[in-house]
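The values are calculated or read from the model by the stated rules, or taken from the named source; none is laboratory data. Keep in mind it's a predicted model, so treat the numbers as computed, not measured. Cβ atoms come from the backbone with ideal geometry, glycine included; neighbour counts cover every protein chain shown.
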Amino acid sequence: MSLVKLKSQLGKLKNKLGKLLFAMGSAPMGVAVVLWLPLWFVLDNFLIAGMLAIFISFLLAMSVSLYRLNTEKREKSEQDTGVTTQE
């Protein structure tokens, strides 16, 4: 497998993963419900699993929102100055 092909596949995977994280970040209670059941079986405690699922889902939502704000801020500053930044 060539390096170019591998890099292309990694880029596609990163794009799909980013879309999935953005979708999960916009519905934190849905993510909490999905996480709750496996955590309940792993931790064997209903209340702890529920609290941990809510904490993880809102942490994910907060991270996604912060990332969106930072990218919007960066894009706005690039439009104002005309200078692009590369990561």
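Structure notes:
- Scanning segment 39-68 for residues that are of a type in the set (Val, Ile, Thr) and more than 17 Å from the chain's Cα centre (by Cα) turns up 42, 48.
- First in segment 61-76 and farther than 26 Å from residue 32 by Cα and surrounded by 11 or more Cβ atoms within 10 Å (Cβ to Cβ), second anywhere and at pLDDT below 85 and not aromatic (Phe, Trp, Tyr), Cβ under 7 Å, 6 or more apart: 74/85
- Members of segment 29-58 that are loosely packed, with under 12 Cβ neighbours inside 10 Å and part of a helix (DSSP H, G or I): 37, 38, 41, 42, 46, 47
- All positions within segment 10-24 that are free of Cβ contacts under 8 Å to residues at least 24 places away in the same chain and surrounded by 11 or more Cβ atoms within 10 Å (Cβ to Cβ): 18, 23
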